[in-house]
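A short reminder: the numbers here are calculations on the coordinates, not readings from a lab. Bear in mind that the values here come from a model prediction, so they are computed numbers and not experimental data. Note that we place each Cβ from the backbone using ideal geometry, even for glycine, and neighbour counts take in every protein chain shown.
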Amino acid sequence: MTRPRVSVVITTYNTGRYLPETLESVFAQTYPDVEVIVVDDGSTDDTAARAREFGDRIRLLERPHGGLGPARAAGMAASTGDYFACLDSDDLWDPEALAVQVDVATRHPESGLIVTDGRTYENPHEPDQSLFVTEADELFADPEQQEVTGWFHQEFAMGNRVACPAQAFIPRPVYEAIGPVCMTPNGIQDFDYYLRIARSYPITFHRANLVRWRFRPDSQSGDVDERPLRWTSTSAEVMARELAAATPETRAYVRAGYLAHVRRSAGAARDTVLAGGRPEPEYLDILYRNAGWNPVVLATRAILALPPSAGRAVSRAARTSKRTVEQVRNHLR
């Protein structure tokens with residue numbers, strides 16, 4: 001019986017110091033039939049040279065810098081495998097990662113996405129934390145359940161259940177049906193793609209701990225303090241598109257998810273003000289463009305228009321008022 005081939009797509013931009021370790025974790029896989037495609041997105045460091053050291057064990061695609069979305073789309077388009085596994089150029093797999101993913105996918109041919117657990121790596125804030133802790137644990141019936149398959153579009157609408165691309169495993173027929181990842185350059189195309197898959201396919205989550213997601217203060221996600229607004233504003237943008245594509249059957253919960261993302265983004269902007277910073281204009285613009293009419297966003301915009309000290313005072317008062325209301329509600333229950 002012919003083994004399915006796995007296409008590993010690694011996108012990289014100025015991560016030459018990490019790429020060799022990532023590639024070695026791919027070549028250490030116990031699963032034998034793997035093609036490795038490295039997409040260098042216009043790096044200005046030694047990334048391409050580091051990649052060439054691996055010779056014909058990889059296919060190196062070099063392209064002008066255009067962002068993660070176009071780079072990942074190019075790598076997937078060039079692949080020939082029966083499954084896709086996308087690995088960021090600074091993350092790592094345990095040796096059994098692909099073997100386990102192929103096994104789960106074979107047992108669940110109906111699933112459009114297979115998601116493994118993993119752990120944070122080199123993160124002083126959350127050392128060795130399970131990637132399912134804040135993303136997918138609630139999908140399991142109990143802590144002892146090792147695997148769950150279901151229709152999770154509603155759960156994805158409320159928030160991404162995949163912490164990093166290295167957890168995800170996608171069959172080629174799904175790619176052919178769904179189409180390429182979106183071309184946004186900012187990295188949120190993963191969430192967009194999982195939502196599109198979840199519309200049409202069941203998804204399988206399993207607890208095998210196979211991924212190491214490297215924490216980097218200098219990663220594409222940006223400064224640690226700025227990431228909450230960056231992630232939430234771009235997620236709200238994805239949910240605005242998802243709402244536009246919603247069917248009558250899904251519209252209510254997709255809209256609820258969209259509003260939840262908008263509130264999180266507005267809250268992240270206010271938290272930045274409370275911390276003494278100023279939110280990045282680029283991500284405020286994304287929020288305003290997609291939810292400028294929302295009352296929470298309008299209130300946040302008014303706070304940000306104030307002098308910094310006044311904005312912090314209003315934000316603190318609003319937070320205190322919200323806590324008081326919640327306490328009263330809890331007392332009355």
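Judged by the mean number of other Cβ atoms found within 10 Å, the most tightly packed of the peptides 163-172, 38-47 leads the ranking 163-172, 38-47.
Among Asp90, Asp33, Asp192, the residue with the largest mean-square fluctuation in a Gaussian network model of the chain, with springs joining Cα atoms closer than 10 Å, is Asp33.
Could you work out [θ]222 nm for the chain from helices alone, using -39500 (n - 2.57) per DSSP H run of at least four and dividing by all its residues? Round to the nearest 500 deg cm²/dmol. Calculated from helices alone, the mean residue ellipticity at 222 nm is -14000 deg cm²/dmol.
Each peptide in 66-75, 241-250 receives the mean, over its residues, of other Cβ atoms within 10 Å, and ordering these scores from highest gives 66-75, 241-250. Taking 1.306 mPa s as the viscosity and 10 °C as the temperature, the Stokes-Einstein diffusion coefficient of region 71-164 based on its alpha-carbon Kirkwood radius rounds to 104 µm²/s. Gyration tensor analysis over the Cα atoms of the chain returns equivalent ellipsoid semi-axes of 36, 24, 19 Å (largest first, whole Å). Helix 227-244 axis versus longest C-alpha principal axis of the chain: approximately 80°, rounded to the nearest ten. Out of every Cα-Cα pair that region 226-332 contains, those further apart than 20 angstrom amount to 44 percent. Remark: relative contact order (region 1-97) = 46 percent; criterion is Cα-Cα distance under 8 angstrom and separation of 6 or more residues.
Summary of the geometry: region 254-277 and region 1-66, compared by the centres of their Cα atoms, lie 36 Å apart.
Mind pulling the angle between the C-alpha long axis of helix 295-305 and the longest principal axis of the chain? Nearest 10 degrees, somewhere in 0 to 90. The two axes meet at around 80 degrees.
Using alpha carbons only, the radius of gyration of region 1-140 set against its Kirkwood radius gives Rg/Rh = 0.97. Inter-label distance, Arg301 to Asn209: 4.6 nm, where each label sits 7 Å from its Cα along the C-beta direction. Note: relative contact order over region 226-332, using C-alpha pairs below 8 Å and six or more positions apart, is 29 percent.
Contact order for region 6-214, expressed relative to its length and based on alpha carbon pairs under 8 Å spaced 6+ residues apart, stands at 28 percent. How far is helix 68-77 tilted, in degrees, relative to the longest principal axis of the Cα atoms in the chain, given as a value from 0 to 90 rounded to the nearest 10? In the chain, helix 68-77 runs at an angle near 30 degrees to the longest axis. Just to be sure I understand: with springs between alpha-carbon atoms less than 10 Å apart, which residue in Leu92, Leu304, Leu195 has the highest mean-square fluctuation in the Gaussian network model of the chain? Highest fluctuation among the options: Leu304. Once the Cβ-Cβ distance of Ala310 and Arg289 is raised to the sixth power relative to R0 = 30 Å, the FRET efficiency obtained is 0.70. Note on Arg57 and Thr2: with the Förster distance fixed at 22 Å, the Cβ-Cβ geometry gives a FRET efficiency of about 0.55.
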